[in-house]
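The block underneath contains the structure these notes are about, expressed in structure tokens.
The values are calculated or read from the model by the stated rules, or taken from the named source; none is laboratory data. Because the structure is a prediction, the values reported are computed rather than measured. Ideal geometry is used to build each Cβ from the backbone, glycine not excepted, and the neighbour counts take in all protein chains shown. For the accessible areas, the whole protein counts, side chains as well, though only heavy atoms, and no ligand, DNA or RNA atoms are used. Shrake-Rupley method; radii C 1.70, N 1.55, O 1.52, S 1.80 Å.
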Amino acid sequence: MVRLKRKLGILALIAPLPLFLVFAYFLPFLGVVQWSFTLPKPGLEQYARVFADPVVQGVFIRTLRVSLIVTLLTTIAAYALSYLWVFGSRSVRVVVEFFILIPFWISTLTRAFGWLALLYNRGIVNSLLQSVGVIHEPLVLVRNEFGVIVGMMHFLIPFAVLPLASSMRHLDQRVLMAARGMGSSRLRTFWSIFVPMTMPGIIGASIITFIFSLGFFITPAILGGGRSVLIAEFIYVQTFQTVNWGLAGAMSVVLVLAVGMLIVLFLRLTRVEKLVG
Amino acid sequence: MTVYRPGPFAFVCSIMIIVFLIAPLFAVVPTSFTPSSYLSLPSGEWSLRHYQTLVDNPQWRNSMLLSVSIGIGSSLLATLLATSFALGLWIQRPRFSAPLIGFVILPMIVPPVVSAVTLYFLLTSISKVSTALGYDTWAGVVLAHTVMIAPFAVILILVALSQLDRRIDMAARGMGASLWQRISLVIVPNLRFGIITAFFLCFVLSWEEIGVTLFITSVNAITLPRLVWMGLRDNVDPAVAAVSVLLIAATIIILAGVIFAREKWSRMSARPSRVVTTAAG
């Protein structure tokens, strides 16, 4: 009797959150899946559009291109920053951590606005370049793909730093000292020993950045100004402006499947690395 | 003991990246003091008129109050659900806990725009039955934010629980405490910092949530981020700059305070452990 009461007590503790999410999240998602097969009429028409319509294809290709560029640049930048964060002196580490965390805690909108203020036609960057005399006409730096890439990198660098810093922290430094001691140059030690040994972090950071990039919504919507539409903004347009819920649903399903496959890949790779390491 | 130190090249690269991370935050400051009504740098005269707008215009005030009340409502709900869930798992350690945790953190992993479409579906469906809890209502936004922030609370509280000493709970159980007594008198008091941290993070996440909010509100429930978004999309309203400056300043003050306190604390408690490391090495 007491045991049964205890069991029920535990169940009453665990159950509410999963139940809440089943009703508020899982079932509604199935509703979205249903949209994709039934709106405007039953069939696979919307999925055919996802894979054949040139407009949708264009959005997919742009998203992939932007995501790849952002992933590459973000991982490189985050690598350099993690290096300083992990191997700097104590005071350098505190300062770097402060600057990594600040953008982390400031909202997406504020950051996107900051980039608008920097990059628009009469913005700080253009004014500066013009007053120095490097350029005469203002450069178009925002409301285009360049602005989108810059804004996304700014958002993603702090996220990429975490796995990179963790892989550098767990590195056995005696290996580096051994290489240096045996006459390897600084550069050679870095390329042939440091980079390969931090490869799990590089792979982890790239996949995380890429997953985030694929579904990125707010930053590209503001800095792209409707001219460089990625998947997420396209889904928004399909939901509210074109009011084609079937296509919005189909693209959501495709996006979830793509991200799901990437996460499985990520878990596989990190587990293999753990076995090898 | 670190022998390996970054060379000048790595140093210069990192400084450039830090400037990249910080530049847009500083760029907001001069823009907020412009005397004109469009996005521009103040030439000559600096003006506080956009800060005045924030105080005078009831739209800004109302949306801030709305965001605070939604933040408190959804964080309370999310922290409560997450704490109860995590406590149950910690006490019982059921075999199926890993897939269960995987399920409840889904809203954190799924691309935000897909969650947004999903919650849009949910709230428009509810609207057909009840107008109080549905699309574009206070309760609807609280519901949607709770879904989005609960996973973060679950993770923080599970981490806090993993650092808790199980023996104190076992002692309480051995001395005949009921499940409710163990939770309310032993576990939760020891977990209070984790719970407070989870609540605080949830509040911040709800306060600045925009992706989902954009899908589930239109004209009634205009939160602060929603209002900022409207001021950003087409013609940029410099009042957005004034709001941004205030938010950035608040963030920097809180963050610097937290880092400073932690450094001071760890320096105080690090001394004995450093002796141990040296002795071991």
Provide the buried accessible surface between chains B and A in square angstrom, both chains summed, 1.4 Å probe, rounded to the nearest 100.
8100 Å²
Quotient of C-alpha Rg and 2.2 N^0.38 Å, computed over the range B:99-145
1.26
In Å, what Kirkwood hydrodynamic radius results for the protein assembly as shown from the alpha-carbon pair distances?
25.9 Å
Is there a simple number for the mean count of other chain Cβ atoms within 10 Å of the Cβ of residues in B:8-19, and what is it?
6
Partner chain Cβ atoms within 10 Å, averaged over the residues of B:210-223 - can you pull that number for me?
2
Grab the Cα-Cα distance for B:Gln181 and B:Ile168, subtract it from 0.36 nm times how many residues apart they are, and report the gain in nm with one decimal.
3.4 nm
Can you tell me the order of A:136-146, B:18-28 when each peptide is scored by its average per-residue count of other Cβ atoms within 10 angstrom, highest first?
B:18-28, A:136-146
Measuring with a 1.4 Å probe in the full set of protein chains, what accessible area per residue, in whole Å², belongs to chain A?
47 Å²
In Å², rounded to a whole number, the accessible area per residue of chain B with probe 1.4 Å is 50 Å²
Using 0.36 nm times the number of residues separating B:Phe103 and B:Ala250, minus their current alpha carbon distance, what extension gain do you get?
49.5 nm
Subtracting the Cα-Cα distance of A:Arg227 and A:Leu187 from 0.36 nm times their residue separation yields 10.2 nm
Within the range B:1-104, DSSP-loop trypsin sites (Lys or Arg not before Pro) with at most 14 other C-beta atoms within 10 Å are B:Arg95
Compute, for B:Thr217, the solvent-accessible surface of its heavy atoms (probe 1.4 Å) with the complete set of protein chains present, and express it in square angstrom to the nearest 10.
0 Å²
At 7 Å along Cα-to-Cβ for each site, give me the label-to-label distance between A:Phe98 and A:Leu257 in nm.
4.9 nm
Suppose each label sits 7 Å from its Cα in the direction of the beta carbon; what would the B:Ala261-B:Arg61 distance come out to in nanometres?
3.1 nm
When the helix-only estimate is applied to chain B (DSSP H runs of n ≥ 4, each -39,500 (n - 2.57), divided by the residue count), what is the mean residue ellipticity at 222 nm, nearest 500 deg cm²/dmol?
-25000 deg cm²/dmol
Sorted from largest down, what three extents in whole angstroms do the Cα atoms of the range B:227-270 have along their principal axes?
53, 13, 11
At 7 Å along the Cα-to-beta-carbon direction for both A:Phe26 and A:Gln57, put a label point, then send me their distance in nm to one decimal.
3.8 nm
Within 10 Å of each Cβ in A:72-85, how many Cβ atoms from other chains are there, averaged over the peptide?
4
With an 8 Å Cα cut-off and a minimum separation of 6 or more residues, compute the relative contact order for chain B in percent.
29 percent
DSSP H segments from chain B that extend 15 Å or more along their own axis, Cα-based, with Kyte-Doolittle mean of 0.0 or above
B:8-32, B:58-92, B:112-129, B:138-162, B:188-207, B:239-280
Quick numbers on the range B:159-272, Rg and Dmax over C-alpha atoms in Å, give 21.7, 67
Sort out for me the Cα centre separation of the range A:178-226 from the range A:76-137, rounded to whole Å.
18 Å
Evaluated at 20 °C and 1.002 mPa s, the Stokes-Einstein D of chain A based on the Kirkwood radius over Cα pairs, in µm²/s, stands at 96 µm²/s
With a 1.4 Å probe and all protein chains kept in place, how much accessible area does A:Asp172 have, in Å² rounded to the nearest 10?
60 Å²
How large is the helix-only mean residue ellipticity at 222 nm for chain A, computed as the sum of -39500 (n - 2.57) over DSSP H runs with n ≥ 4, divided by its residue count, in deg cm²/dmol to the nearest 500?
-25000 deg cm²/dmol
